[in-house]
Amino acid sequence: MAALLILLVVFGVIGFVSYRDHQARRQELPSGATFPALPDPVAEQEAAPATLLLELPEPARRRAWALLCSIHDGLSETSSADTRTRFLLAQTRQSYLPDTVRAYLHLTEGARRQLTAQGQSPEQLLDEQLTLMENGVHEALRRDHAAADRLLTQGRFLRERFGAGTEEWRVRG
C-alpha cells in the first residue's frame, strides 16, 4: 500500500514539473509563435485503459495487458474477492494503470534525456512501476481473506453438525 502511495506522489510530482516546464517554455516563445497543444486531459481520462495500452512498446504492452486481464478477472461477478481487494483492483484499473501509461506516453524528448542522464531510462521506470502494480494486484488477489474465512466458517459449521458429537445425539435420540 505504501508503494502505491509513493507511486502516486511520484506521478503528482512528474505532472507538476511537466506543467511548470510547459508554462516556462510558453513564456519563452517569441511573440506570434504558437506552442504545440497539450493533450486534452478530459478526453484522456475518458479513454479506456485498454486503448492507452495499445500505445506502449513491447514488452510493456504485453505486461500491461496481462495486468489488466488479472484485474478484470478479479472484478468479475464470479470472483470472490473481498471489498478491499475489489477497491484496489478498481483503483488500479481506473487510475493507477492509466496514470502510469499516460505519464510514460507524455514524456518529451527532453524529459527522456533527463531521466537517462539520471541513470534510469523511461522504459526501466515503466517496467518498475508495472512490476509494483503486478505484485500488488497478485498479492491482493492471493490474500482474499473473505473467501478463506467463508471456507473456514463452513468447515466449523459442518464439524458441529456432522462431527463426533452428532453421533452420540443420534444414538440417544
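The values are calculated or read from the model by the stated rules, or taken from the named source; none is laboratory data. Just so we're clear, the structure is a prediction, and the values are computed from it rather than from any experiment. Please note: Cβ atoms are built from the backbone with ideal geometry, for glycine as well, and neighbour counts cover all protein chains shown. Side chains included, ligands, DNA and RNA excluded: accessible areas come from the protein's heavy atoms. Shrake-Rupley method; radii C 1.70, N 1.55, O 1.52, S 1.80 Å.
Just one residue in the set 151, 125 is under 38 Å from the mean Cα position of the chain (by Cα), modelled with pLDDT of 95 or more and part of a helix (DSSP H, G or I); that residue is 125. When the residues of the stretch 120-136 are filtered to those that are among the hydrophobic types (A, V, I, L, M, F, W, C) and in contact (Cβ under 8 Å) with a residue 60 or more places away in the chain, the one that is most open to solvent (accessible area, probe 1.4 Å) is 132. Of the candidates 78, 85, the single residue that is outside any loop (DSSP other than H, G, I, E, B) and either among the β-branched types (Val, Ile, Thr) or at positive phi (or both) is 85. Of the residues examined, residue 107 is one that is modelled with pLDDT of 85 or more, out of contact with any Ser or Thr (no Cβ under 6 Å at 6 or more places or on another chain), surrounded by 12 or more Cβ atoms within 10 Å (Cβ to Cβ) and not in a helix (DSSP H, G or I). Test residue 43 against the stated conditions and say whether it is open to solvent by 30 Å² or more (accessible area, probe 1.4 Å), farther than 22 Å from residue 6 by Cα, modelled with pLDDT of 95 or more and part of a helix (DSSP H, G or I). Spelling it out, it is not the case that residue 43 is open to solvent by 30 Å² or more (accessible area, probe 1.4 Å), farther than 22 Å from residue 6 by Cα, modelled with pLDDT of 95 or more and part of a helix (DSSP H, G or I). Does the stretch 55-75 include one or more residues that are open to solvent by less than 70 Å² (accessible area, probe 1.4 Å), touching a helix residue (DSSP H, G or I) at 6+ places or on another chain (Cβ under 8 Å) and farther than 22 Å from residue 139 by Cβ? So far as the stretch 55-75 goes, yes, one or more of its residues are open to solvent by less than 70 Å² (accessible area, probe 1.4 Å), touching a helix residue (DSSP H, G or I) at 6+ places or on another chain (Cβ under 8 Å) and farther than 22 Å from residue 139 by Cβ. Checked against (1) under 20 Å from residue 107 (Cβ atoms); (2) at pLDDT 60 or above; (3) open to solvent by 70 Å² or more (accessible area, probe 1.4 Å), residue 93 meets all criteria but (1). Of the residues making up the stretch 128-148, those that are in a helix (DSSP H, G or I) and of a type in the set (Lys, Arg) number 1. Identify all residues within the stretch 48-60 that are within 14 Å of the chain's Cα centre (by Cα) and without any contact (Cβ under 8 Å) to a residue 40 or more places away in the chain; write none if there are none. If the condition is that a residue be within 14 Å of the chain's Cα centre (by Cα) and without any contact (Cβ under 8 Å) to a residue 40 or more places away in the chain, then 48, 50 are the ones that fit.
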